[in-house]
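Scroll down for the structure; my scribbles are underneath it.
The values are calculated or read from the model by the stated rules, or taken from the named source; none is laboratory data. Since this is a predicted model, take the numbers as computed values, not measurements. Virtual Cβ from ideal backbone geometry, glycine too; neighbours counted across all protein chains shown.
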Amino acid sequence: TIANLKGLKQGQLRLGVITTAKYIIPRLLGPFCQLYPGIDISLQVTNHELILDRMMNNLDDLYIMSQIPDHFDVNFEPFLENPLVVFAPANHPLKKEKNIPIERLGEEPFIMREPGSGTRSAVQSLLEEHGIKVKVKLELGSNEAIKQAIAGGLGISVLSRHTMLSDAAEFSILDVQHFPIKRNWYIIHPAGKQLSIIAYTYYEYLLDAAKKITQQGGLILDHNFMNTNS
Ligand code: PGA
């Protein structure tokens, strides 16, 4: 029976996720741990490059990343959309403008993620593609710190839409040409590595959760959404 199977699921689940996924993965772990109280979890949250290092060193069972590694044989499955949008303070003068030319970004003080960040490289490729240079006023290794800097009036930035939660009133999302940058999160694991039963169970659980979140518009808005629907 299912109850017996649940009893068998004892052990550790090791996850490595990029920083933008920290807005969703911990929330999804709550209901999962209630289903499988015998599973202990280690969750490492860091940027794209450091997640790649963890993968090379075989430190985790499953990874969540926005960019599939080039030089490493992996299995991957799209998980949820992870659009990158232009964040500005709530009262920014451009907030009501439509279709702002991307060149306009060059005139605003810009806050950039640190080297090694996948968000940073996605922003840089888009800017390079259009020959635009931004004035980087501040470089910061944390989405949260960037949000505080934006709210404090230091500049604008490009961040995952998922980083905006109950604090949405503090920000505006500017309607700039070529944005959002469309990206996905993927669930990834090294191709040569057999998933443990626990990792496989979590993998299936994540895909199921992604379906429910997509049905609700793609963002976690309701704190208890996994419990209310099932
Ligand atoms: P980052 O991850 O923390 O490396 O910017 C986000 C991403 O790659 O989407």
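Within the range 37-48, which residues are of a type outside the set (A, V, I, L, M, F, W, C), closer than 22 Å to residue 194 by Cβ and either within 13 Å of the ligand (Cβ to nearest atom) or touching a residue at least 60 places away in the same chain (Cβ under 8 Å) (or both)?
The answer is 44, and nothing else.
Just to verify a result, which residue in the range 188-209, among those that are over 21 Å from residue 81 (Cβ atoms) and not in a helix (DSSP H, G or I), is nearest to the chain's Cα centre (by Cα)?
By that ranking, first place goes to 190.
Across the range 166-183, what is the total count of residues that are of a type outside the set (Phe, Trp, Tyr) and either part of a helix (DSSP H, G or I) or within 16 Å of the ligand (Cβ to nearest atom) (or both)?
7
So which residues in the range 49-69 are away from the ligand (no atom under 14 Å from the Cβ) and either touching a residue at least 24 places away in the same chain (Cβ under 8 Å) or closer than 28 Å to residue 105 by Cβ (or both)?
58, 59, 60, 61, 62
Exactly one of (1) aliphatic (A, V, I, L, M); (2) within 15 Å of the ligand (Cβ to nearest atom); (3) surrounded by fewer than 20 Cβ atoms within 10 Å (Cβ to Cβ) is unmet by residue 100. Its number?
(2)
Can you find even one residue in the range 110-129 that is surrounded by fewer than 21 Cβ atoms within 10 Å (Cβ to Cβ), modelled with pLDDT of 95 or more and in contact with a His (Cβ under 7 Å, 6 or more places away or on another chain)?
yes
Identify, please: which residue in the range 109-137 is away from the ligand (no atom under 16 Å from the Cβ) and either of a type outside the set (Lys, Arg) or in contact with a Lys or Arg (Cβ under 8 Å, 6 or more places away or on another chain) (or both) and is, among those, nearest to residue 177 (Cα to Cα)?
Only one residue fits best here, namely 130.
Does at least one position in the range 8-15 carry a residue that is away from the ligand (no atom under 12 Å from the Cβ), in a helix (DSSP H, G or I) and either at negative phi or surrounded by 13 or more Cβ atoms within 10 Å (Cβ to Cβ) (or both)?
Within the range 8-15, one or more residues are away from the ligand (no atom under 12 Å from the Cβ), in a helix (DSSP H, G or I) and either at negative phi or surrounded by 13 or more Cβ atoms within 10 Å (Cβ to Cβ) (or both).
Every residue in the range 130-170 that is surrounded by fewer than 15 Cβ atoms within 10 Å (Cβ to Cβ) and on the phi > 0 side of the Ramachandran plot, please.
131, 153
Within the group 59, 80, which residue is under 21 Å from residue 199 (Cα atoms), surrounded by 17 or more Cβ atoms within 10 Å (Cβ to Cβ) and among the aliphatic types (A, V, I, L, M)?
80
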